[in-house]
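The structure under discussion appears below in the form of structure tokens.
Read the figures in this text as sums done on the coordinates, not as results from a lab. Owing to the predicted nature of the structure, the values given are computational and were not obtained by experimental measurement. Backbone-built Cβ (ideal geometry, glycine too); neighbour counts: all protein chains shown.
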């Protein structure tokens, strides 16, 4: 809660520190003083800043984030419009990431310093190091351009056209999934390694318990903790809008909305979006903490 | 909230109507749709799901158009964004519209008009049998309401009514506009684009115009979300029902992606073409590419209030140092025509005048004559909102470098750019003006002493007088003469350093019929037929 | 000044704050050169430079990465001597030439030599990266040090503030900072730096917590050493390893972040050559002139990869307990 209040103040201050006048921008290149004054009064920007903040904060608490300067729609509806696309991409990416990371990380931890381990390490280093927009452009060029197998971008809701939805989701999910997956792979590897070396595992092995049982019961369970953390961090990152990937794939997510809002100096939208991201971030942290205690009762935080 | 539910009810009524309407011309089409779907499904690839999908309102297929940006909102009187007007062009009508060929004004919602002897009273006779998308009849009260909304609420286009004293109805089919001074370009003012759209009386109070539209145009606004805007054909359109069932404007930011989408059949039309590929695409028979010189111009302007740019010789030196050909080539890969005046040759008001040939020696000499110490540093303000300004500025910088002027390119986001322009905080800036139809608008606002868009603070009494003359002269040829003279002075003084007119570049699927590319970049799908 | 924190019962022997709170790894993990188990009453051997380098040299991957990085840094330092042409020698007639004898990396859309711009861009990209990380390191380490050493309300206030900063999405925070300060290389460094402050603060704090209750620290304290002396002579040097590892990894992310921000038009401004900007400018040409985006893309990729590999190597040598926060900020 303290964090949230802090975030609100910083958001508001930051947003209003940004030079550039949204009203001037709304009028375009053509300028006319009377029109300008009329529009400014209508937007409430002629009020003192402190008053604007408390007005905004009070309404925000009750779920009213104001009205966009640019489109005249409510911020909540703008965000709601974009939420499905962002959620879809974030969860699809995490799925791709885990599908890559869990097997790869576990395999390389079971045979440390083997060929598999080295290949996996190199692959994950490459995945972390490649600029994701570069990968995105190359994938579009290959799969949408040269091969023509997939559409180059855009988004259709699942309910309207499941086939098109899946086709359009594939490339962006792979791009962000590979990057997140590479990060997670390294965590899986090190935490499985750690768990394998832990005393109770060695004890279990010494007792002669079957390997499979030791592995599933003692190792994976312990390795799950760090995995949950890093997955949570990655999910928070993905949910806050992978701006660059969204732009390259014309994916109508929250990141794009926020970037447009910065460019248009659309204060209400920007404030709303960042506030939402902060809330999401805190919620995920909370969920991670809860999962922690669920998985490992020894931990009290 | 109440408005929304009202609209929703109207919407459902409308949706139900077509099914019961026996006279719809495209009733026969569904089998064709089915065939198209089967065919495209066999073709494999991403198009199978796209061609038949979308709107679902009309009987014909939906045209999918890839546009580069999302509309900001749909209130025609409020928005200033081109992406919004791409959509609104197909939804709303104005009293008069620019002709597709030469952009002169021709009848639309007004069938005819008369001007009084003194040029102060214009009487418009309105078209009969026009209905709005909500079914209501169009009449003079709607025109009066729409125009007064712009004037009374001081919306962004209110400057277009500067000379208007009153707008009044004289019976249901007649509107009388009374002026304070003769305004020969009144038709351009009320018809050049859909920002002057006619709404049904009271519309702003009944529906949320930012997200909904009630026009008289060939298509109705069906829905809009973060990835596309969908229009459906309006059966009772006064110009006849469009042959396509609807239009889906899909936002594709990346030009390369838009082009790929067109080539593999995902979309059937786009204006988001990478300029560097225009040349190679001309021979590509998987798409139909057309270009035409636009009435947009891009220019550089220097600050008269900031020495040494107040010195005419310095500005002329810069004008001599710039190679417009190279700038146009760099920014548009041959798809732009260098020009030393505002609008291109085909336009009636084009002024044939080109006194500056690239001449670095003369530039250096003029700088010396002005007593300027080189290297002189000049800030040049450009914006990432229009990337071509960044490209052009880099070329200009290297050209001016040759004559001893160091250009410091300042790339700003548009909001900051506009702020600094408004405050006069710049040495020089680069930008363009789009859709220039009548010189009374563009010359007067941009070059008259204290003109609303004269940010460079240019002032030449002779130009002022010529512009005044042009604004009230009713004889076309005399008008043109006045503007020609003014244009020459503007060019000689380098109030604007005009650079080039880019081409309008659009491409569509081969076999798409009835679409016409226009110099004013209005995009009209009314008569389009899908291949 | 702040009273002696009560030694926690078990804190002396398990390192608190090692991320998830599970026990330290024994054998099996990456070969631990400094035995993590030996944390007895003796002052642990400080990581010495020569030792560190020697160990690093025995890790071939890290050694190669370090060498390549050294070359890149040298390239950035001697950029103008090395580059065959200036960064902005525009020649529209020579635009979009494929790689060949005259231009080994080809020319871009304005006819500039891409090899020269990649060489000159190294300085721009690395400077932003180093500045950003230096800023984050100084500010973050200071905050983490104070929070970890003093604990109590200092810790609460500082780390709560870090939580607030950390709750912002990284890219958006950087975008917002750039919107306030205007684009450009210096501001880009500042923006990226601000984003990474919480990461450094957390790593430092965790590391400081680990050494705060060590016997040698308590011993110095008991003989009346000042807080400043304690911090600079004992706590910081012994808490440094994870911070050093984090620095290398953050450099990788900073170079990537600079590229991403320039890609969005907010970072380095044209006509300055930064790799990210070149990549952004080249992306529109990728299907007719792949070399525009390919070479700067490779430059970013190689540099980032080397920083990451070096970071990995450093971690093996310096921080076998893996206290480094990896998944902070940008990725």
Please give the FRET efficiency for residue A:2 paired with residue C:91, using the beta carbon to beta carbon distance and R0 = 60 Å, rounded to the nearest 0.05.
0.55
Max mean-square fluctuation residue, GNM over chain A, Cα-Cα springs under 10 Å, options A:129, A:93, A:108
A:129
Could you put C:223, A:115, B:64 in order, starting from the residue whose Cβ has the fewest other Cβ atoms within 10 Å?
C:223, A:115, B:64
Over chain A: helical MRE at 222 nm, DSSP H runs n ≥ 4 each giving -39500 (n - 2.57), nearest 500
-23500 deg cm²/dmol
One would report the Cα pair-distance distribution of region B:307-361, bin width 10 Å, in %, as 23, 41, 32, 5
Pull out the extension gain between residue A:59 and residue A:9, defined as 0.36 nm times the separation in residues minus the alpha carbon to alpha carbon distance; nm, one decimal.
16.6 nm
At 7 Å along Cα-to-Cβ for each site, give me the label-to-label distance between residue B:358 and residue B:465 in nm.
3.8
Alpha-carbon Rg/Rh ratio, for chain B, with Rh computed the Kirkwood way:
0.99
Please state the shape class of region A:141-181: rounded when a/c is under 1.5, otherwise prolate if a/b exceeds b/c and oblate if not, all from the C-alpha gyration tensor.
oblate
The base-10 log of I(q)/I(0) that the Debye equation returns for chain A at q = 0.09, 0.17 Å⁻¹, one scatterer per C-alpha, is -0.59, -1.32
Could you state the angle between the C-alpha long axis of helix B:312-321 and the longest principal axis of the C-alpha atoms of chain B, as a value from 0 to 90 degrees rounded to the nearest 10?
70
Cα gyration tensor of region B:413-531, axes a ≥ b ≥ c as square roots of the eigenvalues: rounded (a/c below 1.5), prolate (a/b > b/c) or oblate?
oblate
What distance in nm separates the two pseudo spin-label positions at residue C:82 and residue B:80, each 7 Å out from Cα along the beta-carbon direction?
4.7
When region A:5-102 is reduced to its Cα atoms, the Kirkwood hydrodynamic radius in Å:
16.4
Comparing A:164, A:148, A:127 in a Gaussian network model of chain A (Cα, 10 Å), the one with the largest mean-square fluctuation is A:148
For region B:354-407 and region C:275-301, write down the distance between their C-alpha centroids in whole Å.
28
By how many degrees, between 0 and 90 and to the nearest 10, does the Cα long axis of helix A:220-239 differ from the longest principal axis of chain A?
20
Cα centroids of region C:110-149 and region A:114-140: how far apart, whole angstrom?
23
Which whole-number value in Å³ per residue fits the convex hull of the alpha carbons of region B:203-298?
175
If one builds a Gaussian network model of chain A from Cα atoms under 10 Å apart, the most fluctuating residue listed among A:80, A:120, A:109 is A:80
Calculate how steeply helix B:360-369 sits against the longest principal axis of the alpha-carbon atoms of chain B, using the helix alpha-carbon long axis, and give the answer as 0 to 90 degrees to the nearest 10.
60
For residue B:180 and residue B:481, compute 0.36 nm times the residue count separating them, minus their Cα-Cα distance, and round to one decimal in nm.
106.0 nm
Based on DSSP H runs of at least 4 residues, each adding -39500 (n - 2.57), what is the mean residue ellipticity at 222 nm of chain B after dividing by all its residues, to the nearest 500 deg cm²/dmol?
-9500 deg cm²/dmol
Of all DSSP beta bridges with both partners in the protein assembly as shown, the antiparallel percent, nearest 5, is 75
Kindly state, as a whole number, the per residue volume in cubic angstrom of the convex hull around the alpha carbon atoms of the protein assembly as shown.
191
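From the square roots a ≥ b ≥ c of the eigenvalues of the alpha-carbon gyration tensor of region B:318-476, which class results: rounded (a/c under 1.5), prolate (a/b over b/c), or oblate?
In terms of gyration-tensor shape, rounded.
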Quick calc, residue A:17 & residue A:286: beta-carbon distance into FRET formula, R0 30 Å, rounding 0.05, result 0.50
Tell me, how many Å apart are the Cα centres for region B:285-321 and for region A:232-301?
44
Neighbouring Cβ atoms within 10 Å as the yardstick, rank B:68, A:182, A:190 fewest first.
B:68, A:190, A:182
Extension gain residue B:121-residue B:104, at 0.36 nm per residue separation less the Cα-Cα distance, in nm?
4.1 nm
For region B:290-399, report the convex hull volume of the alpha-carbon atoms normalised per residue, in Å³, without decimals.
120
Taking neighbour counts of Cβ atoms within 10 Å as a proxy for exposure, in what order, fewest first, do B:292, B:270 appear?
B:292, B:270
Label points 7 Å out from Cα along the Cβ direction at residue A:142 and residue B:492: separation in nm?
6.3
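Indicate, rounded to the nearest 5 percent, the antiparallel portion of the DSSP beta bridges found entirely in chain B. Please list the in-between numbers first.
Values: 50 of 68 bridges.
Around 75 percent antiparallel, to the nearest 5.
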